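**Student:** Before we start, here is the structure in question, set down as structure tokens.
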Amino acid sequence: MIIQKTREEIELMRESALIVSKTLGMIASEIKEGVTTLYLDKLAEEFIRDHGAVPSFLGLYDFPNSLCMSPNAQVVHGIPNNVPLKNGDVISVDCGAFKNGYHGDHAYSFEIGEVAPEVKKLLRVTKESLYVGIREFKAGNRVEDVGNAIQKYTEAHGYGVVRELVGHGVGQKMHEEPEMPNYGKRGRGKLFVEGMVVAIEPMINMGTRNIKQLKDGWTILTADGKPSAHFEHDVALIDGKPELLSTFQYIYKALGIESNEEDEFRQVPLVL
């Protein structure tokens, strides 16, 4: 069952989502060659708690940490460890925060130092596909309209769209209905309704769409060992149109990037 949120509930969710956004912005200032993902995970937990929230992922389904950190061929659900990041790495950082009874949940893939041009393109196209999908989250459309848009955009570049892992509704629970696959056929799936909130999150592989899982029971890898990219936003359906609750602008501020990519998805301008 899709749980529709009131405007008041959506604003509470925006607060949780923006704590995640600020956490990822803090990570953007700290993530670099030689730093370990376990160190970044500890920073994130402290930051989330200092902002009056608790880490959504810590203990969720027995996950051991506050961040999912997935470098290079890891798709998602990577467990932070003491291995230093290297020049040329790319890494998905997925974060959640729970405050006022609601979760925020989104992700960004970072570059470490000088990244190969073909990997930069993978990240760029994957992030672009996120917004291509968000544009389809509107009144009158259905779940697979979003997935179809993401699939067409990324497969046109020769990339593989992961099937086994999907986006999801989000609210008082981290994972609510509906599931939001990054593939599909137009006109299929549940109808979007006013007040629903979803996490849209393309997980796109440079090569095959096939994946495998490590023996740790969490880490998902590309089957061919090629890199993967992952970007995620929380989006509410307000007045029949997509409204971003999360933002990458804290990341961009930390990295010195100027972007207006989110403007079309905000009824009220974002104030950092």
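The values are calculated or read from the model by the stated rules, or taken from the named source; none is laboratory data. Worth saying up front: this structure is predicted, and the values here are computed from it rather than measured. Glycine also receives a Cβ, built like all others from the backbone with ideal geometry; neighbour counts cover every protein chain displayed. Keep in mind that these areas ignore ligands, DNA and RNA; they rest on the heavy atoms of the full protein, side chains included. Shrake-Rupley method; radii C 1.70, N 1.55, O 1.52, S 1.80 Å.
**Student:** Being among the small types (Gly, Ala, Ser) and either open to solvent by 60 Å² or more (accessible area, probe 1.4 Å) or under 24 Å from GLU114 (Cβ atoms) (or both) is the filter here, so list the residues in region 45-92 that pass it.
**Tutor:** Just the residues of region 45-92 that are among the small types (Gly, Ala, Ser), to begin with: 52-53, 56, 59, 66, 70, 73, 78, 88, 92.
Passing the criteria: SER70, ALA73, GLY78, GLY88, SER92.
**Student:** Identify the single condition in (1) β-branched (Val, Ile, Thr); (2) open to solvent by 20 Å² or more (accessible area, probe 1.4 Å); (3) within 25 Å of ALA44 (Cβ to Cβ) that VAL132 does not satisfy, given that it satisfies every other one.
**Tutor:** VAL132 satisfies all of (1) β-branched (Val, Ile, Thr); (2) open to solvent by 20 Å² or more (accessible area, probe 1.4 Å); (3) within 25 Å of ALA44 (Cβ to Cβ) except (3).
**Student:** Of these, ASN65, ASN72, which one is farther than 15 Å from GLU111 by Cβ and touching a strand residue (DSSP E or B) at 6+ places or on another chain (Cβ under 9 Å)? Can you show your working first?
**Tutor:** Values: ASN72 fails: farther than 15 Å from GLU111 by Cβ.
Answer to the check: ASN65.
**Student:** Output the residues belonging to region 230-265 that are in a loop (DSSP other than H, G, I, E, B) and open to solvent by less than 10 Å² (accessible area, probe 1.4 Å). Write out each step before concluding.
**Tutor:** First, the residues of region 230-265 that are in a loop (DSSP other than H, G, I, E, B): 231, 239-240, 245-248, 256-262.
If the condition is that a residue be in a loop (DSSP other than H, G, I, E, B) and open to solvent by less than 10 Å² (accessible area, probe 1.4 Å), then PHE231, LEU245, SER246, THR247, PHE248, GLU262 are the ones that fit.
**Student:** May I ask you to list the residues in region 161-194 that are in contact (Cβ under 8 Å) with a residue 60 or more places away in the chain and under 20 Å from the mean Cα position of the chain (by Cα)? Even if it seems obvious, please write down each step before you answer.
**Tutor:** Step one: of region 161-194, the residues in contact (Cβ under 8 Å) with a residue 60 or more places away in the chain are 162, 165, 167, 169-174, 176-178, 190, 193-194.
Within region 161-194, VAL162, LEU165, GLY167, GLY169, VAL170, GLY171, GLN172, LYS173, MET174, GLU176, GLU177, PRO178 meet the criteria.
**Student:** Of the residues PHE47, PHE57, PHE63, which is over 22 Å from ILE211 (Cβ atoms), of a type in the set (A, V, I, L, M, F, W, C) and modelled with pLDDT of 95 or more? Spell out how you get there, then give the answer.
**Tutor:** On the way: PHE57 fails: over 22 Å from ILE211 (Cβ atoms); PHE63 fails: over 22 Å from ILE211 (Cβ atoms).
When all the criteria are applied, what remains is PHE47.
**Student:** Can you give me the number of residues within region 128-164 that are in contact with a Pro (Cβ under 8 Å, 6 or more places away or on another chain) and in a helix (DSSP H, G or I)?
**Tutor:** If we filter region 128-164 for residues that are in contact with a Pro (Cβ under 8 Å, 6 or more places away or on another chain), which is where we start, we get 129-130, 133-135, 137-138, 143-144, 147, 150, 154, 161, 163.
Filter once more, keeping what is in a helix (DSSP H, G or I): 129-130, 133-134, 143-144, 147, 150, 154.
Going through region 128-164 one residue at a time, the tally reaches 9.
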